[in-house]
Amino acid sequence: MMTESTPPAAPGFFKRLSARLNTGSSWMAEGIKGILPGRQIDAQVLEELESRMIGADVGVDASSRILEDLAKRVARRELADVDALVGALRGSMLEILAPVERPLRIDDRAQPYVILVVGINGAGKTTTIGKLAHRLIAQGRSVMLASGDTFRAAAREQLAVWAQRNGVPLIAQQAGAEPAAVIYDGLQAARARKVDVLIADTAGRLHTQAHLMEELKKVKRVLARLDPTAPHEVLLVLDGTIGQNALVQTAEFDRNLGVTGLVITKLDGTAKGGVVLAIAQKFKIPIRFIGVGESLEDFGEFKAEEFVAALLKPAAAGTA
């Protein structure tokens with residue numbers, strides 16, 4: 001039996017998203033109306049819009065797809081004013097994002113359901129694990145954490161804080177221990193205690209560090225010895241502020257590990273939330289969650305319509 005990972009979004013998350021996404025200077029925050037005063041919507045306007053989209057980290061591929069659609073509408077004289085342009089832009093963005101709006105589903109037949117969390121240093125893996133554990137516990141699921149980051153001095157301590165805060169057990173070993181062995185022990189312990197979900201942390205690593213990628217592959221192989229279907233989810237955590245580097249990271253982690261879901265963090269305070277469109281267009285990997293701050297309430301499921309509404313809010317407001 002497959003069940004969704006979370007109940008309906010907590011009240012206020014969309015409000016937080018709308019308030020915090022794209023708060024800097026960008027084509028979205030300034031509003032589309034800024035490039036259209038007294039101007040007809042024509043090829044020159046679309047070219048300027050495309051440049052601004054690329055500057056906002058929407059990326060070449062996603063921008064080209066969106067602008068191709070808008071150009072066809074302009075040719076058919078369907079975009080007579082700013083309202084029409086914003087509406088068409090919203091529709092094109094939803095076409096890209098709707099297919100990746102797929103919530104994490106926990107397979108109740110797995111005992112436990114294993115989530116392997118990966119990403120580079122500073123992306124927000126540990127915080128993501130803590131917030132995800134909180135959401136699962138709120139559903140009535142039992143959760144265990146495994147500290148597979150045995151290299152960073154504070155990693156185990158940070159994960160222990162989240163474990164204590166959520167009231168869940170933590171499997172950890174001394175610094176320098178073999179990560180695969182720690183996570184293997186975690187799976188054994190979770191099985192013995194009949195825990196519903198095991199969330200395994202891993203050391204942050206650059207996608208260019210081949211030997212560390214091999215270590216992650218080893219973790220997957222070792223888990224498969226106990227459960228050939230594990231890990232059931234490889235969750236890649238991406239820092240939303242790093243722009244197009246997120247595409248390179250996603251490509252390498254996916255090539256090496258087969259990423260099944262994404263979490264995009266730190267979307268608050270950045271003018272470049274457009275990178276979510278770039279990632280969705282290029283990889284089609286489900287975006288499970290997004291983060292717009294440090295608190296538990298700042299972490300929520302990705303909803304395409306809500307995200308686009310927040311992304312375009314200044315323009316929409318300007319056309320009201």
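The values are calculated or read from the model by the stated rules, or taken from the named source; none is laboratory data. As the structure is a computational prediction, the values presented were derived from the model and not from experiment. Backbone-built Cβ (ideal geometry, glycine too); neighbour counts: all protein chains shown.
Restricting attention to the range 79-86, does a residue exist that is part of a helix (DSSP H, G or I) and small (Gly, Ala, Ser)? Yes, the range 79-86 has at least one match. Only a single criterion out of (1) crowded, with 20+ Cβ neighbours inside 10 Å; (2) closer than 21 Å to Arg105 by Cα is not satisfied by Arg141, namely (1). Picking from residues in the range 74-126 that are among the hydroxyl-bearing types (Ser, Thr, Tyr) and crowded, with 23+ Cβ neighbours inside 10 Å, the one that is nearest to Arg191 (Cα to Cα) is Tyr113.
Can you tell me which residues in the range 58-76 are more than 14 Å from Val45 (Cβ to Cβ) and either outside any helix (DSSP H, G or I) or not hydroxyl-bearing (Ser, Thr, Tyr) (or both)? Scanning the range 58-76 gives Val58, Gly59, Val60, Asp61, Ala62, Arg65, Glu68, Asp69, Lys72, Arg76. Examine the range 157-165 for a residue that is β-branched (Val, Ile, Thr) and assigned to a helix (DSSP H, G or I), and state whether such a residue exists. Within the range 157-165, one or more residues are β-branched (Val, Ile, Thr) and assigned to a helix (DSSP H, G or I).
Taken together, the residues in the range 156-185 that are farther than 20 Å from Pro231 by Cβ and in contact with a Pro (Cβ under 9 Å, 6 or more places away or on another chain) amount to 0.
Do we have Val292 as touching a strand residue (DSSP E or B) at 6+ places or on another chain (Cβ under 9 Å), modelled with pLDDT of 95 or more and crowded, with 23+ Cβ neighbours inside 10 Å here? Against the criterion (touching a strand residue (DSSP E or B) at 6+ places or on another chain (Cβ under 9 Å), modelled with pLDDT of 95 or more and crowded, with 23+ Cβ neighbours inside 10 Å), Val292 does not qualify.
For the range 206-248, the set of residues classified as polar (S, T, N, Q), more than 21 Å from Gly176 (Cβ to Cβ) and in a loop (DSSP other than H, G, I, E, B) consists of Thr208, Thr229, Gln244, listed by residue number. Screening Gly38 against (1) under 18 Å from Val276 (Cβ atoms); (2) at pLDDT below 85 leaves a single unmet condition, (1).
Does Lys217 meet the test of being over 24 Å from Arg288 (Cα atoms), loosely packed, with under 15 Cβ neighbours inside 10 Å and either in contact with a Leu (Cβ under 6 Å, 6 or more places away or on another chain) or of a type in the set (D, E, K, R) (or both)? It is false that Lys217 is over 24 Å from Arg288 (Cα atoms), loosely packed, with under 15 Cβ neighbours inside 10 Å and either in contact with a Leu (Cβ under 6 Å, 6 or more places away or on another chain) or of a type in the set (D, E, K, R) (or both). Of the residues making up the range 252-259, not a single one is surrounded by fewer than 20 Cβ atoms within 10 Å (Cβ to Cβ) and among the aromatic types (Phe, Trp, Tyr).
Among the numbered conditions (1) closer than 14 Å to Thr202 by Cα; (2) in contact (Cβ under 8 Å) with a residue 12 or more places away in the chain; (3) out of contact with any helix residue (DSSP H, G or I) (no Cβ under 7 Å at 6 or more places or on another chain); (4) not polar (S, T, N, Q), the only one that Pro179 does not meet is (3). Scanning the range 180-205 for residues that are at pLDDT 95 or above, part of a loop (DSSP other than H, G, I, E, B) and surrounded by 19 or more Cβ atoms within 10 Å (Cβ to Cβ) yields Val195, Asp196. Suppose we keep only residues that are at pLDDT 90 or above and over 22 Å from Leu267 (Cα atoms) within the range 47-65. Which one would you say is surrounded by the fewest Cβ atoms within 10 Å (Cβ to Cβ)? So the residue we want is Ser64.
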